[in-house]
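These notes are about the structure you will find just below.
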Ligand SMILES: Nc1ncnc2c1ncn2[C@@H]1O[C@H](COP(=O)(O)OP(=O)(O)OP(=O)(O)O)[C@@H](O)[C@H]1O
Ligand SMILES: [Mg+2]
């Protein structure tokens with residue numbers, strides 16, 4: 001089956017290409033040989049029931065987990081990611097379901113955590129100028145998301161769940177050069193913020209980045225997706241352009257209805 005990329009005639013390598021990913025936890029086969037591509041400019045909705053393997057797959061694609069078997073290529077180069085920092089070095093960032101912000105650090109410190117400006121600016125001697133610039137960039141990123149915080153200098157532990165999620169999303173969109181993986185980015189957000197995130201995802205893809213988004217909000221995610229991948233029991237059971245795809249088709253793939261009926 002031709003991929004969406006070959007249909008559209010793209011020549012550049014996929015931002016992410018995975019082949020035969022396997023990941024087991026004890027007796028649980030979370031991923032049973034997953035093939036997947038994410039191209040620049042697309043929004044891939046990664047769908048599936050609870051326990052289908054979506055979060056595990058995402059974590060294998062960004063270095064949080066090391067798959068037991070399988071290959072990963074980023075921008076056409078074979079890689080082995082040992083940590084999320086490795087993935088970030090290749091221009092891939094992730095927004096988790098279970099958020100990975102440091103609660104005791106401020107919003108600003110979280111946004112710049114692990115990035116060059118932090119070392120040369122915040123912790124460096126000539127830090128004052130960089131610090132002001134950082135605060136401005138962080139403010140701008142949060143404002144673009146429509147998030148009003150009392151200050152970027154308060155610790156993350158003092159934010160609501162939705163505000164924390166917004167900070168994580170702002171952080172990802174600020175730093176990413178190639179691809180963003182989002183695991184339920186709007187789960188803790190209200191309607192207005194969810195709309196803003198949806199627009200942001202579309203805008204991020206329009207900048208040429210690949211975005212993969214996991215969501216249980218099928219109507220909303222199918223509005224912004226250009227391609228849909230459905231996982232069931234750790235396998236890809238559907239990988240198809242979103243255009244013309246009905247919600248019914250997706251749900252059938254998620255629960256395996258078509259298979260049960262047709263054999
Ligand atoms: N760290 C872990 N240790 C043991 N088992 C795990 C671990 N992480 C995931 N699993 C198991 O792997 C399977 C896939 O889990 P995963 O979290 O990837 O599903 P998911 O598709 O993200 O589900 P949800 O929609 O509920 O978030 C499940 O059976 C889960 O219990
Ligand atoms: Mg999950």
Taking residue 195 and the conditions (1) more than 16 Å from ligand 1 (Cβ to nearest atom); (2) at pLDDT 90 or above; (3) over 16 Å from the mean Cα position of the chain (by Cα), which numbered condition does it fall short on, given that it satisfies the others? (2)
From the residues in region 164-184 that are part of a helix (DSSP H, G or I) and surrounded by fewer than 20 Cβ atoms within 10 Å (Cβ to Cβ), which one is nearest to ligand 2 (Cβ to nearest atom)? 164
Filtered residues of region 178-192 (kept if more than 16 Å from ligand 1 (Cβ to nearest atom) and under 13 Å from the mean Cα position of the chain (by Cα)): 178, 179, 180
Which strands (runs of 3 or more DSSP E) sit wholly inside region 13-94 and have at least 3 residues that are within 18 Å of the chain's Cα centre (by Cα)? 16-25, 28-38, 43-47, 69-74
Within the bounds of region 60-73, is there any residue that is buried (at least 24 other Cβ atoms within 10 Å of the Cβ), in contact with a helix residue (DSSP H, G or I) (Cβ under 9 Å, 6 or more places away or on another chain) and under 15 Å from residue 238 (Cβ atoms)? no
Cβ pairs under 9 Å, 6+ apart, first in region 25-46 and in contact (Cβ under 8 Å) with a residue 12 or more places away in the chain and at positive phi, second in a strand (DSSP E or B) and within 13 Å of ligand 1 (Cβ to nearest atom): 33/21; 33/22; 33/235; 33/236
Strands (runs of 3 or more DSSP E) contained entirely in region 202-263, each with at least 1 residues that are free of Cβ contacts under 8 Å to residues at least 60 places away in the same chain and either over 17 Å from the mean Cα position of the chain (by Cα) or within 20 Å of residue 59 (Cα to Cα) (or both): 235-241
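The values are calculated or read from the model by the stated rules, or taken from the named source; none is laboratory data. Not measured: the values here are computed from a predicted model. Note: ideal-geometry Cβ built from the backbone for every residue, glycine included; neighbour counts use all protein chains shown.
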